[in-house]
Each structure stands twice: as C-alpha cells, then as structure tokens.
Amino acid sequence: MKDYLRNNGLCICFLALFIAALIGQIIFGFEEHNKELIEEGSAAIHLSAYFLSGHFIQSTFENWESEFLQMAMFVVFTIFLMQKGSSESKDLDKDEEVDREPSPSRKDAPWPVKKGGWILSLYKHSLTISLLLLFVISFILHFYGSLKDENEQLALKGLPLESVSDYMGDSRFWFESFQNWQSEFLSVFAIVMLSIYLRQIGSPQSKPVNAPHMETGE
C-alpha cells in the first residue's frame with residue numbers, strides 16, 4: 001500500500017480534491033438553486049431531483065468543457081509552437097524524444113506500438129483524441145443543462161420555452177462558454193510565460209533554479 005500511494009500520489013491527491021470540490025459544489029449549488037426557486041414562488045426540490053436539474057448539469061459541465069478544451073489545445077499547439085525559455089515548450093534547437101517514431105523493439109513498449117498499423121496510428125494521437133472527445137461530450141452536456149435550466153426558469157415565469165435551434169444562438173449559452181474559455185487560455189499563457197523567469201524548486205513544471213532564463217525546457 002505504501003508503494004502504491006507513493007507511485008500514484010499525484011493522481012490520488014487531485015482525485016480527492018476533485019471529489020471534495022464536487023461535493024462542495026453540490027451542497028452550495030443545491031442550496032442556491034432552492035433559494036432561487038423559493039424566490040420565484042416555487043417549492044424547493046429534493047437533492048435527488050437536483051442532480052437532474054439544468055442548474056446542476058449546466059454548472060458542472062460548463063467547467064469541465066473549458067478544462068478539456070484547454071488541455072487539448074495545449075497538447076496540440078505544443079507539437080509545433082514553441083516559446084523560448086519556457087519549461088512548457090520543446091527545445092527550439094534540437095530534436096525531442098517525443099518527436100521520434102516509436103520503436104516496437106523497445107523494452108516494455110506498449111502493445112499498440114508492437115501491433116503497428118492503424119492501431120499504432122490511432123495510439124500516436126490517442127491523448128489528443130481523448131481530450132477532444134471529452135470536450136465534445138462536456139460541450140453537449142453543458143448545452144443540454146443550460147437549455148434545461150433556461151426553460152425551467154422560463155416555465156416558472158410562464159414564458160414560452162426555448163427550442164434547441166433557438167438556444168444555439170442564445171447569448172446566455174455562449175457567454176457561459178466564453179467566460180470559461182478565456183480564463184483557461186489565460187492560465188496557459190501565465191504558466192508558459194511565468195516559467196521563463198520564475199522557479200519552483202522540486203517541481204517538474206519548473207526549470208532548475210539556476211537555469212538561465214532563455215534556456216528552454218528542463
């Protein structure tokens with residue numbers, strides 16, 4: 001167990017933080033949604049009903065969507081775009097190990113590498129494909145939740161409901177998306193730029209403390 005925790009500490013830590021934050025979101029989101037319902041003259045709902053509400057679905061997947069978009073774009077753009085001096089960039093002046101064609105003869109190579117063919121071709125881009133797929137799924141669920149929440153609010157006010165086609169052009173949905181996207185892109189810009197001049201000893205996201213500012217990578 002000690003070895004397992006040591007070998008998987010980073011994943012375990014962030015998974016635990018995710019669960020704790022999600023529980024916090026549910027508790028306070030449930031309270032906030034019921035407060036809004038009561039203010040509109042409607043009855044409060046039970047927690048089980050909250051999980052199916054547009055309020056919960058929209059608020060959850062709105063954030064997941066932006067995170068997966070950010071990670072997918074970062075993985076793709078770092079293939080061919082570089083930033084001199086940043087620990088988040090490939091070296092401008094030499095070939096990197098990640099650019100070399102995979103060798104099936106390498107010890108303990110993953111089975112898709114040994115298999116070759118279309119399986120290897122798919123595996124070579126599997127990280128980007130997975131992140132983009134997660135983004136698309138989150139985007140669709142965000143749209144569904146946002147539309148449902150909008151119609152729930154309209155129903156409380158006795159107003160006509162929005163159709164899927166009408167809501168695709170609604171300012172609310174795109175405002176929700178872009179307000180999250182811009183913050184994710186800003187955070188990537190910040191880590192790329194700040195890692196040129198600033199250091200954190202012990203972190204693989206930082207260059208060595210005594211590395212020159214214009215030295216790219218680790």
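Just the protein heavy atoms count here, and of the accessible area of the stretch 112-218 at 1.4 Å, carbon and sulfur take up 69 percent. Normalised by the number of residues in the stretch 56-176, the mean separation of alpha-carbon contacts (under 8 Å, six or more apart) gives a relative contact order of 38 percent.
Here the spin labels are modelled as points 7 Å beyond Cα on the Cα-Cβ line, and at Leu154 and Ala43 they lie 2.5 nm apart. With 22 Å as the limit, write out which pairs from Lys94/Lys207; Lys84/Lys124; Lys94/Lys115 have Cα-Cα distances beyond it, or answer none. Correct reply: Lys84/Lys124; Lys94/Lys115. In terms of its C-alpha gyration tensor, the stretch 1-52 comes out prolate, because a/c is 1.5 or above and the ratio a/b outweighs b/c. Suppose all protein chains stay in the model; what accessible area per residue would a 1.4 Å probe give for the stretch 1-158, in Å²? Using a 1.4 Å probe on heavy atoms only, each residue of the stretch 1-158 averages 68 Å². For a straight C-alpha distance cut-off of 12 angstrom, the aspartates and glutamates reachable from Lys148 (same-chain residues fewer than eight places away being disregarded) are Glu162.
Between Leu161 and Leu22, the contour length at 0.36 nm per residue exceeds the Cα-Cα span by 47.1 nm. Put simply, when 132-144, 90-102, 45-57 are sorted by average Cβ atoms within 10 angstrom per residue, most first, you get 132-144, 45-57, 90-102.
Evaluate E = 1/(1 + (r/R0)^6) for Met82 and Ala190, where r is the Cβ-Cβ distance and R0 equals 22 Å; express this FRET efficiency to the nearest 0.05. My answer for the efficiency is 0.80.
For the chain, the dipole from Cβ point charges (+1 on Lys and Arg, -1 on Asp and Glu) about the Cα centre works out to 1080 debye, to the nearest 20. Decide, for the stretch 82-155, between rounded, prolate and oblate: order the square roots of the alpha carbon gyration tensor eigenvalues as a ≥ b ≥ c, take rounded if a/c falls under 1.5, and otherwise choose prolate if a/b is larger than b/c, else oblate. Since a/c reaches 1.5 but b/c is at least a/b, the shape of the stretch 82-155 is classed as oblate.
Once the Cα atoms are used to define both axes, helix 126-157 deviates from the longest principal axis of the chain by about 10 degrees. Between the beta carbons of Asp91 and Ile201, assuming R0 = 22 Å, the FRET efficiency works out to 0.50 to the nearest 0.05.
Here Val136 and Asn210 are evaluated by their C-beta separation; at R0 = 41 Å the FRET efficiency comes out at 0.40.
The values are calculated or read from the model by the stated rules, or taken from the named source; none is laboratory data. In this text the structure is predicted, and so the values were computed from the model without any measurement. Reconstructed Cβ throughout: ideal geometry from the backbone, glycine too, with neighbour counts over all protein chains shown. Only protein heavy atoms, including side chains, enter the accessible area calculation; ligands, DNA and RNA are left aside. Shrake-Rupley method; radii C 1.70, N 1.55, O 1.52, S 1.80 Å.
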